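Before any comments, here is the structure.
The values are calculated or read from the model by the stated rules, or taken from the named source; none is laboratory data. If you're wondering where the values come from, they're calculated on a predicted model, not measured in any experiment. Backbone-built Cβ (ideal geometry, glycine too); neighbour counts: all protein chains shown.
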Amino acid sequence: MVDTTEGGTAGGRGTAGGRGTPGARRPADDTAGRPAGRWAPGDHILWRYRDNADRRQFHIARPMTVVQDTPELLAVWMAPGTPCIKPVLDDGTPVHREPLATRYTRPRRTVRDHWFGTGVLKLARPGDPWSVWLFWEDDWQFKNWYVNLEEPRRRWTGGIDSEDHFLDLCVYPDRHWEWRDEDEFAQAQRDGLMNSAQAAEVRSAGRAAIAQISAWRGPFADGWEDWRPDPAWEVPGLPEDWDRAPDHLRS
(Lines give C-alpha, C1' and ligand atoms only; values in the text may rest on other atoms or scores of the structure.)
Protein backbone atom coordinates (compact mmCIF):
# COMPACT_ATOMS: atom_id res chain seq x y z
CA MET A 1 0.00 0.00 0.00
CA VAL A 2 1.18 3.51 -0.77
CA ASP A 3 2.40 5.31 2.36
CA THR A 4 1.67 8.94 3.22
CA THR A 5 5.27 9.85 2.41
CA GLU A 6 5.07 8.47 -1.13
CA GLY A 7 3.42 9.65 -4.32
CA GLY A 8 5.37 12.84 -5.06
CA THR A 9 5.05 16.31 -3.64
CA ALA A 10 1.76 18.05 -3.03
CA GLY A 11 0.15 19.37 -6.20
CA GLY A 12 -2.21 22.23 -6.88
CA ARG A 13 -5.97 22.00 -7.26
CA GLY A 14 -7.69 21.87 -10.61
CA THR A 15 -11.15 22.84 -11.76
CA ALA A 16 -14.28 20.77 -11.52
CA GLY A 17 -14.99 18.60 -14.50
CA GLY A 18 -14.88 15.05 -15.79
CA ARG A 19 -17.38 12.87 -13.95
CA GLY A 20 -20.00 15.45 -13.02
CA THR A 21 -19.80 18.66 -11.03
CA PRO A 22 -19.71 18.13 -7.24
CA GLY A 23 -22.10 20.05 -5.03
CA ALA A 24 -21.47 21.81 -1.77
CA ARG A 25 -20.19 19.81 1.17
CA ARG A 26 -22.75 18.38 3.55
CA PRO A 27 -22.20 16.44 6.76
CA ALA A 28 -21.80 12.72 6.14
CA ASP A 29 -24.79 11.89 8.36
CA ASP A 30 -27.21 14.26 6.58
CA THR A 31 -29.42 12.05 4.40
CA ALA A 32 -31.91 14.69 3.25
CA GLY A 33 -32.43 14.88 -0.49
CA ARG A 34 -30.42 11.83 -1.51
CA PRO A 35 -31.08 8.13 -2.13
CA ALA A 36 -31.16 6.09 1.05
CA GLY A 37 -27.72 4.94 2.12
CA ARG A 38 -25.83 7.13 -0.35
CA TRP A 39 -23.47 10.04 0.22
CA ALA A 40 -23.69 13.26 -1.77
CA PRO A 41 -20.85 14.83 -3.77
CA GLY A 42 -18.82 16.96 -1.40
CA ASP A 43 -19.56 14.88 1.70
CA HIS A 44 -16.63 13.98 3.94
CA ILE A 45 -16.16 10.33 4.94
CA LEU A 46 -13.41 8.15 6.40
CA TRP A 47 -11.60 5.45 4.43
CA ARG A 48 -10.07 3.10 7.02
CA TYR A 49 -7.98 -0.07 7.07
CA ARG A 50 -7.88 -2.58 9.90
CA ASP A 51 -4.62 -3.72 11.43
CA ASN A 52 -3.64 -7.01 9.77
CA ALA A 53 -2.32 -8.36 13.08
CA ASP A 54 -5.38 -7.29 15.13
CA ARG A 55 -8.56 -6.80 13.13
CA ARG A 56 -10.24 -5.16 16.13
CA GLN A 57 -8.02 -2.12 15.60
CA PHE A 58 -7.71 0.41 12.77
CA HIS A 59 -4.22 1.53 11.79
CA ILE A 60 -4.98 3.69 8.74
CA ALA A 61 -7.66 6.38 8.52
CA ARG A 62 -7.95 8.94 5.73
CA PRO A 63 -10.65 11.62 5.45
CA MET A 64 -11.97 11.76 1.89
CA THR A 65 -14.34 13.96 -0.12
CA VAL A 66 -17.08 12.10 -1.98
CA VAL A 67 -17.05 12.62 -5.75
CA GLN A 68 -19.72 10.08 -6.68
CA ASP A 69 -21.66 7.44 -4.79
CA THR A 70 -23.92 5.16 -6.83
CA PRO A 71 -24.81 1.46 -6.59
CA GLU A 72 -22.10 0.83 -9.21
CA LEU A 73 -19.22 2.98 -7.94
CA LEU A 74 -17.91 4.98 -5.01
CA ALA A 75 -15.41 7.67 -6.06
CA VAL A 76 -13.64 9.74 -3.39
CA TRP A 77 -10.87 12.35 -3.41
CA MET A 78 -7.97 12.67 -0.99
CA ALA A 79 -6.56 16.18 -1.24
CA PRO A 80 -2.90 17.09 -0.73
CA GLY A 81 -2.24 17.83 2.92
CA THR A 82 -5.12 15.71 4.20
CA PRO A 83 -4.62 14.83 7.89
CA CYS A 84 -4.52 11.08 8.40
CA ILE A 85 -3.62 8.23 10.71
CA LYS A 86 -0.83 5.85 9.75
CA PRO A 87 1.19 3.11 11.48
CA VAL A 88 4.82 3.53 12.51
CA LEU A 89 7.15 1.31 14.50
CA ASP A 90 7.16 1.78 18.26
CA ASP A 91 10.22 4.03 18.06
CA GLY A 92 8.64 6.20 15.37
CA THR A 93 10.49 4.64 12.41
CA PRO A 94 8.39 4.73 9.21
CA VAL A 95 7.21 1.23 8.36
CA HIS A 96 8.67 1.23 4.86
CA ARG A 97 12.17 1.96 6.26
CA GLU A 98 12.22 -1.14 8.45
CA PRO A 99 13.98 -4.19 6.92
CA LEU A 100 11.47 -6.58 5.44
CA ALA A 101 12.44 -9.44 7.78
CA THR A 102 11.17 -7.53 10.83
CA ARG A 103 8.71 -5.11 9.22
CA TYR A 104 5.63 -7.02 10.37
CA THR A 105 6.89 -8.40 13.67
CA ARG A 106 8.19 -5.30 15.45
CA PRO A 107 5.68 -3.52 17.71
CA ARG A 108 3.79 -0.63 16.13
CA ARG A 109 1.70 2.33 17.09
CA THR A 110 -0.36 4.85 15.14
CA VAL A 111 0.46 8.54 14.63
CA ARG A 112 -1.24 11.55 13.11
CA ASP A 113 0.33 12.72 9.87
CA HIS A 114 -0.59 14.36 6.55
CA TRP A 115 -0.76 13.07 3.00
CA PHE A 116 2.38 14.57 1.49
CA GLY A 117 1.86 13.49 -2.10
CA THR A 118 -0.32 14.93 -4.83
CA GLY A 119 -4.01 14.22 -4.46
CA VAL A 120 -5.38 10.74 -5.01
CA LEU A 121 -8.70 9.74 -6.54
CA LYS A 122 -9.95 6.38 -5.22
CA LEU A 123 -12.53 4.28 -7.08
CA ALA A 124 -14.27 1.28 -5.55
CA ARG A 125 -16.99 -0.97 -6.93
CA PRO A 126 -19.14 -2.89 -4.42
CA GLY A 127 -17.88 -6.43 -3.89
CA ASP A 128 -14.57 -6.00 -5.73
CA PRO A 129 -11.61 -7.20 -3.62
CA TRP A 130 -9.61 -4.19 -4.76
CA SER A 131 -9.88 -0.44 -5.22
CA VAL A 132 -8.33 1.60 -8.02
CA TRP A 133 -6.35 4.74 -7.18
CA LEU A 134 -5.34 7.44 -9.67
CA PHE A 135 -2.11 9.43 -9.30
CA TRP A 136 -1.00 12.62 -11.06
CA GLU A 137 2.15 14.71 -11.23
CA ASP A 138 2.17 18.23 -9.78
CA ASP A 139 1.04 19.69 -13.12
CA TRP A 140 -1.87 17.21 -13.41
CA GLN A 141 0.00 15.07 -15.90
CA PHE A 142 -1.51 11.64 -15.30
CA LYS A 143 0.97 9.17 -13.81
CA ASN A 144 -0.69 5.80 -13.22
CA TRP A 145 -3.52 3.72 -11.81
CA TYR A 146 -2.76 1.71 -8.66
CA VAL A 147 -4.82 -1.40 -7.93
CA ASN A 148 -4.84 -1.91 -4.17
CA LEU A 149 -5.86 -5.50 -3.42
CA GLU A 150 -7.97 -5.48 -0.28
CA GLU A 151 -10.97 -6.94 1.50
CA PRO A 152 -14.25 -5.77 -0.08
CA ARG A 153 -15.17 -2.59 1.74
CA ARG A 154 -17.93 -2.43 4.35
CA ARG A 155 -19.95 0.75 4.55
CA TRP A 156 -21.06 2.45 7.74
CA THR A 157 -22.54 5.84 8.51
CA GLY A 158 -19.16 7.57 8.64
CA GLY A 159 -17.30 5.87 5.81
CA ILE A 160 -15.91 2.53 4.65
CA ASP A 161 -13.63 -0.06 6.25
CA SER A 162 -11.34 -2.64 4.65
CA GLU A 163 -8.17 -4.65 5.24
CA ASP A 164 -5.13 -4.36 3.00
CA HIS A 165 -3.90 -7.55 1.31
CA PHE A 166 -0.27 -6.44 0.74
CA LEU A 167 -0.11 -7.34 -2.97
CA ASP A 168 -0.86 -4.63 -5.54
CA LEU A 169 -0.74 -3.78 -9.23
CA CYS A 170 0.46 -0.70 -11.06
CA VAL A 171 -1.11 0.20 -14.42
CA TYR A 172 0.44 2.80 -16.72
CA PRO A 173 -1.04 5.08 -19.42
CA ASP A 174 0.28 2.83 -22.18
CA ARG A 175 -1.83 0.05 -20.55
CA HIS A 176 1.03 -2.15 -19.43
CA TRP A 177 0.87 -3.38 -15.84
CA GLU A 178 3.12 -4.93 -13.23
CA TRP A 179 2.77 -6.61 -9.85
CA ARG A 180 3.84 -4.51 -6.90
CA ASP A 181 4.94 -5.40 -3.34
CA GLU A 182 5.34 -9.12 -3.99
CA ASP A 183 8.14 -9.15 -1.40
CA GLU A 184 5.79 -7.76 1.28
CA PHE A 185 3.10 -10.22 0.24
CA ALA A 186 5.51 -13.12 0.74
CA GLN A 187 6.80 -11.76 4.05
CA ALA A 188 3.27 -11.33 5.38
CA GLN A 189 2.69 -15.03 4.74
CA ARG A 190 5.94 -16.01 6.47
CA ASP A 191 4.94 -13.92 9.48
CA GLY A 192 1.53 -15.53 9.76
CA LEU A 193 -0.54 -12.52 8.73
CA MET A 194 -2.04 -14.49 5.87
CA ASN A 195 -2.38 -18.25 5.39
CA SER A 196 -1.88 -20.08 2.10
CA ALA A 197 -5.60 -20.24 1.30
CA GLN A 198 -6.00 -16.50 1.84
CA ALA A 199 -2.89 -15.80 -0.23
CA ALA A 200 -4.30 -17.89 -3.08
CA GLU A 201 -7.53 -15.88 -2.96
CA VAL A 202 -5.60 -12.61 -3.10
CA ARG A 203 -3.52 -13.78 -6.05
CA SER A 204 -6.73 -14.89 -7.79
CA ALA A 205 -8.25 -11.46 -7.16
CA GLY A 206 -5.17 -9.90 -8.73
CA ARG A 207 -5.58 -12.07 -11.82
CA ALA A 208 -9.23 -11.02 -12.06
CA ALA A 209 -8.14 -7.38 -11.96
CA ILE A 210 -5.56 -8.10 -14.67
CA ALA A 211 -8.30 -9.58 -16.86
CA GLN A 212 -10.20 -6.30 -16.59
CA ILE A 213 -7.04 -4.35 -17.37
CA SER A 214 -6.28 -6.52 -20.39
CA ALA A 215 -9.83 -6.04 -21.70
CA TRP A 216 -9.52 -2.32 -20.84
CA ARG A 217 -12.80 -2.10 -18.99
CA GLY A 218 -13.95 0.38 -16.38
CA PRO A 219 -12.77 2.15 -14.42
CA PHE A 220 -9.58 2.25 -16.49
CA ALA A 221 -11.45 3.07 -19.71
CA ASP A 222 -13.86 5.57 -18.15
CA GLY A 223 -11.81 8.76 -18.49
CA TRP A 224 -11.28 9.42 -14.79
CA GLU A 225 -7.74 10.59 -15.50
CA ASP A 226 -9.32 13.78 -16.92
CA TRP A 227 -11.35 14.46 -13.77
CA ARG A 228 -10.44 17.41 -11.55
CA PRO A 229 -11.64 18.30 -8.03
CA ASP A 230 -13.86 21.25 -7.27
CA PRO A 231 -11.53 24.12 -6.24
CA ALA A 232 -14.09 25.18 -3.62
CA TRP A 233 -13.70 21.94 -1.67
CA GLU A 234 -12.06 22.24 1.73
CA VAL A 235 -9.54 19.69 2.97
CA PRO A 236 -11.49 17.47 5.38
CA GLY A 237 -10.48 17.29 9.01
CA LEU A 238 -9.66 14.12 10.91
CA PRO A 239 -12.35 13.36 13.52
CA GLU A 240 -11.13 12.85 17.09
CA ASP A 241 -13.02 9.55 17.16
CA TRP A 242 -11.52 8.33 13.88
CA ASP A 243 -11.16 4.81 15.34
CA ARG A 244 -14.72 4.49 16.61
CA ALA A 245 -16.57 1.21 16.11
CA PRO A 246 -18.58 1.25 12.87
CA ASP A 247 -22.35 1.53 13.26
CA HIS A 248 -25.20 0.78 10.90
CA LEU A 249 -23.11 -1.35 8.57
CA ARG A 250 -24.60 -1.68 5.12
CA SER A 251 -23.53 -3.15 1.80
Yes or no: segment 97-116 includes at least one residue that is of a type in the set (Val, Ile, Thr) and more than 20 Å from the chain's Cα centre (by Cα). yes
Return the residue satisfying two criteria in turn: it lies in segment 52-87 and is among the basic types (Lys, Arg) and free of Cβ contacts under 8 Å to residues at least 60 places away in the same chain, and of such residues it is nearest to Met194 (Cα to Cα). Arg56
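Every residue, every condition in (1) of a type in the set (Phe, Trp, Tyr); (2) surrounded by fewer than 12 Cβ atoms within 10 Å (Cβ to Cβ); (3) under 20 Å from the mean Cα position of the chain (by Cα); (4) modelled with pLDDT under 95, yes or no:
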site	(1), (2), (3), (4)
Ala200	no, yes, no, no
Ile210	no, no, yes, no
Gly223	no, yes, yes, no
Pro229	no, no, yes, no
Trp233	yes, no, yes, no
Leu238	no, no, yes, no
May I ask you to list the residues in segment 102-117 that are out of contact with any helix residue (DSSP H, G or I) (no Cβ under 8 Å at 6 or more places or on another chain), touching a residue at least 24 places away in the same chain (Cβ under 8 Å) and either in a strand (DSSP E or B) or small (Gly, Ala, Ser) (or both)? Thr110, Val111, Arg112, Asp113, His114, Gly117
Which one of these does Asn52 not meet: (1) crowded, with 21+ Cβ neighbours inside 10 Å; (2) in contact with a Leu (Cβ under 9 Å, 6 or more places away or on another chain); (3) polar (S, T, N, Q)? (1)
Evaluation of Phe116 against (1) modelled with pLDDT of 95 or more; (2) surrounded by fewer than 20 Cβ atoms within 10 Å (Cβ to Cβ) (one fails), failing number: (1)
In segment 141-170, the residues that are closer than 22 Å to Phe220 by Cα and surrounded by fewer than 20 Cβ atoms within 10 Å (Cβ to Cβ): Gln141, Phe142, Lys143, Asn144, Glu151, Pro152, Cys170
Among the residues of segment 117-144, write down those that are hydrophobic (A, V, I, L, M, F, W, C), farther than 18 Å from Met194 by Cβ and within 12 Å of the chain's Cα centre (by Cα). Val120, Leu121, Leu123, Ala124, Val132, Trp133, Leu134, Phe135
